[in-house]
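What follows draws every value from the coordinates through simple rules; no lab data is involved. These numbers come from a predicted model, not from an experiment. Cβ atoms come from the backbone with ideal geometry, glycine included; neighbour counts cover every protein chain shown.
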Amino acid sequence: MADEVILLDFWPSPFGMRLRIALAEKGIKYEYREEDLRNKSPLLLKMNPVHKKIPVLIHNGNPICESLVALQYIDEVWNHEAPLLPSDPYQRAQARFWADFIDKKIYDLGRKIWTEKGEEKEAAKKEFIGALKLLEEQLGDKAYFGGDNLGFVDVALIPFYTWFKGYAAFGNVDIDAECPKFIAWAKKCMQKESVSKSVPDQDKVYEFIVEIRKKLGIE
Amino acid sequence: MAQTDLKLLGGWFSPFALRVQIALNLKGLDYELIEETLNPKSDLLLQSNPVYNKIPVLLHADKPICESAVIVEYIDETWTNAPSILPSNAYDRANARFWSTYIDDKWFTPMKSLLMAEDDEAKKALFGQMEEALERMEDAFNKASEGKPFFGGDTIGLIDIAFGSFLSWLSVIEEMNGRKVLDVAKNPALAQWAETFAADPAVKGILPETLKLLEFANALKLKWAAEAAKAK
């Protein structure tokens with residue numbers, strides 16, 4: 001019985017990267033479809049009528065939207081290999097809490113760093129580094145947030161590392177110096193094939209940010 | 001089933017705390033309810049939720065779990081007796097989580113803004129957003145319930161909890177603005193669902209009274225207005 005798995009995505013999206021990594025970790029074959037967000041495909045509009053956003057995972061014709069929802073779906077359906085969430089309910093709650101924290105903080109703060117100016121930018125920078133430090137504390141002495149292997153939080157978080165060159169450059173912040181433990185964890189994740197083959201180069205993402213800033217008229 | 005190691009840091013006014021109470025009630029669990037006034041926030045709250053300092057927090061044998069959606073899933077996974085709060089099928093679970101997130105994002109956000117809004121134009125736009133969300137929820141209900149009384153089917157599920165917890169605040173918004181939002185003419189299925197939900201034994205008795213909440217809301221509005229004036 002062949003599963004049909006399609007991923008509607010956009011190459012620099014950290015949310016899309018989460019699903020690429022999870023599918024790779026579990027060895028699931030899927031069809032990657034690049035969306036032009038200025039010209040969304042009829043399939044995307046049909047599969048995500050509520051938000052019209054990527055990523056959308058389509059499994060045997062059924063759409064699953066919202067990256068953390070889809071991540072849990074992937075973990076539950078393909079539970080034969082590489083579990084992302086732990087089995088203990090309390091640890092699962094912790095993982096979900098921190099994944100939600102990442103959703104609430106990292107993307108928006110990161111975006112403010114490369115779009116805002118002056119006080120707003122400084123405030124976002126401060127909060128962003130604060131969030132990374134909180135995550136460092138959570139990591140503790142473990143190799144990964146998931147313990148010995150990549151877990152739910154690792155997969156939710158690592159995609160944002162591809163945006164760090166942009167954050168550092170436009171935010172004028174030395175993330176390596178401020179959060180060395182975080183960077184060490186990120187580099188460890190990038191050594192995994194399921195991660196490195198699923199995410200774009202920091203340089204490529206940086207160029208993308210440069211382009212958007214031009215389009216948005218940000219100096 | 002008696003349970004003596006459960007504490008809920010909550011507030012009678014908080015729809016998020018209400019979600020946890022409903023989940024605990026559904027599972028037949030005993031718990032100690034600690035009412036937080038949030039003014040000031042208790043040491044226990046600050047210690048138990050250092051990241052956000054917010055209610056609700058569930059303490060299970062003194063171990064804290066924060067964020068209402070996370071707590072509800074924790075309850076469902078730890079106490080596996082009926083009823084199940086999340087569906088058993090993975091696709092249905094994804095659907096339940098999707099709508100639960102949608103409610104926090106597209107229903108709660110305009111609702112909260114409406115509470116603070118003074119401007120008629122702004123209010124009009126916010127009511128529009130709420131009405132759009134209601135249309136989507138009515139559609140989601142019809143699909144998920146399959147003719148049964150709840151989003152979760154025969155018993156209250158995740159979406160019911162996420163959405164139903166806002167019913168009292170919805171009444172407050174309606175009172176304050178002299179207009180119906182959840183209208184039996186426009187949203188017949190949801191109007192029926194709201195009645196069924198409010199009457200359920202797990203919910204009845206813990207929904208805050210509209211008048212009491214209205215008083216609380218008016219006081220909150222004054223507080224926010226004073227803070228905003230100070231900030232200028």
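The table for this structure:
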item	result
Spherically averaged projected area of region B:1-40 from its Cα convex hull (nm²)	2.8 nm²
Unsatisfied cross-links (Cα-Cα over 26 Å) in the set A:K125/B:K223; A:K105/A:K142; A:K26/A:K142; A:K125/B:K7	A:K125/B:K223; A:K125/B:K7
Backbone HN-Hα couplings from phi across region A:41-48 [Karplus 6.51/-1.76/1.60, Hz, Gly and Pro as x]	5, x, 5, 4, 5, 6, 7, 10
Principal axes of chain A: Cα extent on each, largest first, Å	55, 44, 28
Fraction of beta bridges assigned by DSSP in chain A that are antiparallel (%, nearest 5)	70 percent
Too-long pairs where the Cα-Cα distance tops 21 Å, listed order kept, from B:K112/B:K204; B:K106/B:K212; A:K40/A:K215	B:K112/B:K204; B:K106/B:K212
Pairwise Cα inverse-distance average, inverted: Kirkwood Rh of chain B (Å)	18.5 Å
Phi to ³J(HN,Hα) by Karplus 6.51 cos²θ - 1.76 cosθ + 1.60 over region B:210-216, Hz, x for Gly, Pro	4, 5, 5, 5, 4, 4, 4
Anchor B:K27: aspartates and glutamates whose Cα lies under 17 Å away (excluding residues fewer than 8 positions away in-chain)	B:D5, B:E73, B:D76, B:E77, B:D154, B:D160, B:D200
Modelled label reach - A:L43, point 7 Å along Cα→Cβ, region A:1-22 residues with backbone N closer than 20 Å	A:2-22
Potential extension, B:E195-B:A231 segment - 0.36 nm per residue separation minus Cα distance	8.8 nm
For region A:89-216: relative contact order, % (alpha-carbon pairs under 8 angstrom, 6 or more apart)	25 percent
nm² value of the averaged projected area, convex hull over the Cα atoms of the protein assembly as shown	23.1 nm²
Taking B:I55, A:I6 and counting other C-beta atoms within 10 Å, the order from fewest to most	A:I6, B:I55
Within region A:5-77, percent of DSSP bridges classed antiparallel, to nearest 5	65 percent
In range of the label at A:A143: residues from region A:73-110 whose backbone nitrogen is under 19 Å from the point 7 Å along Cα→Cβ	A:81-87
Loop-resident sites, region A:178-219, for trypsin sites (Lys or Arg not before Pro), counting at most 10 other Cβ within 10 Å (DSSP)	A:K197
Overall dimensions of region A:89-216 as given by Cα atoms, namely Rg and Dmax in Å	14.6, 47
Label-point separation, B:D119 to B:V51 (7 Å along Cα→Cβ), nm	3.4 nm
Distance histogram for region A:165-219 (every C-alpha pair counted, 5 angstrom bins, percent rounded to whole numbers)	4, 17, 19, 23, 19, 11, 6, 1
Electrostatic dipole magnitude of the protein assembly as shown [Cβ: Lys, Arg +1; Asp, Glu -1; Cα centre; debye, to 20]	880 debye
In sequence order, calculated HN-Hα J values of region A:175-182 (Karplus, 6.51, -1.76, 1.60; Hz; x Gly/Pro)	5, 4, 6, 6, 9, x, 5, 4
Taking B:S68, A:S87 and counting other C-beta atoms within 10 Å, the order from fewest to most	A:S87, B:S68
Lys/Arg +1, Asp/Glu -1 at C-beta; region B:1-120 dipole; positive extreme among B:A82, B:W12, B:L59	B:A82
